[in-house]
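The values are calculated or read from the model by the stated rules, or taken from the named source; none is laboratory data. Just so it is clear, the structure is predicted and the values come from calculations on it, not from any experiment. As a convention, Cβ positions derive from the backbone with ideal geometry for all residues, glycine included, and neighbour counts pool all protein chains shown. The protein model used for the area step is the full one, side chains on, heavy atoms only, and it has no ligands, DNA or RNA in it. Shrake-Rupley method; radii C 1.70, N 1.55, O 1.52, S 1.80 Å.
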Amino acid sequence: MGDAASDAGMDAVQRRLMFEDECILVDENDNVVGHDTKYNCHLMEKIESENLLHRAFSVFLFNSKYELLLQQRSATKVTFPLVWTNTCCSHPLYRESELIKENALGVRNAAQRKLLDELGIPAEDVPVDQFIPLGRMLYKAPSDGKWGEHELDYLLFIVRDVNVNPNPDEVADIKYVKRDQLKELLRKADAGEGLKLSPWFRLVVDNFLFKWWDHVEKGTIQEAADMKTIHKLI
C-alpha cells in the first residue's frame, strides 16, 4: 500500500474509486488472470514488482463534422492530472457485464458507463453497438514516480453527435478539434508550451490516429479494424 502521507492529499472521490473499483488483470495475450483494486493497479511499485497489467479502453468520439472530442483530465486525478487526452480513457471493471469478451462487448459496456460518468453523455447518445473496436495496444507509462499505467488498451471509435455535460471531478475542460488543430496541440506539447498530452493518447496519435481518421471521414472505419494483433508499444 502507499504511504499515508501522500495518500492523505487524495481527492475524496478519487480515493473512493481507487479502493472500490476492481480492475481486470490480464496477461500479455489479454487472458484474464485475476482482479485487483484500481489503487494497486496504478502503483508503480506493484506494476514493477508484480508486473500487474490491467485491461483498459480509450474512446475516440467524433461528431458528424468529423471533429474529435478531447478532454483535459481534472486536477484531482491521481494519474496524469491536467493532461489533455482522447475523449475518455478508463477501465472495464471486474463485473459480469464488463468481462464479456465476445466482440469486446464488456469493454464497450464499460465505455458507455464511463462516458456518462465523466462527460455526462447519456447512454442513448452512445449505443453500445455503435462503438467500433479498432485495435489493442500494450504500454507502460509512469506518471509521477509513485503512480503510473500498465495497460492493455482497447481502442474504440464512435461517430455520434452527443450532449456533453462534463463531471468536474473527472474533467477540467473539453474541446472538439479538427486534424490541423490537433497537430497544433502536438506542436505545443513538443515545444513545451505548457500543454501536456497523455502518453497513451500520444502513442495512438503517433501510430494510428491520422490514418484511422481518414477511414472515419470516408465511412470505411470497419476496414481499419484489427483485433487479432496486440501492439506492444513499451
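Expressed as a whole percentage, what fraction of the accessible surface of the chain belongs to carbon and sulfur atoms when a 1.4 Å probe is rolled over the protein heavy atoms?
The computed percentage sits at 47.
I'd like to check one number: the per residue accessible area of segment 12-232, probe 1.4 Å, reported in Å² as a whole number.
Accessible surface, normalised per residue, equals 43 Å².
Quick one: compute the contact order of the chain, relative version, from alpha carbon pairs under 8 angstrom and 6+ residues apart, as a percent.
Rounded, it is 22 percent for the chain.
Quick one: dipole size for segment 35-179, taken about the Cα centre, charges +1 on Lys/Arg Cβ and -1 on Asp/Glu Cβ, in debye to the nearest 20.
340
Over all directions, the average projected area of the alpha-carbon convex hull for segment 12-232 comes to how many nm²?
With the hull built on Cα positions only, its mean projection is 11.3 nm².
Taking +1 at the Cβ of each Lys and Arg and -1 at the Cβ of each Asp and Glu, which of Ala110, Leu82, Pro168 sits farthest along the dipole of the chain towards its positive end, judged by Cα position relative to the Cα centre?
Leu82
Considering only DSSP beta bridges whose two residues both sit in segment 12-232, what percent are antiparallel, to the nearest 5?
70
Go through segment 125-139 residue by residue and turn each phi into a ³J(HN,Hα) via Karplus (6.51, -1.76, 1.60, θ = phi - 60°); whole Hz please, and just put x for glycine and proline.
7, 10, x, 3, 6, 8, 6, 10, x, 9, x, 10, 9, 10, 8
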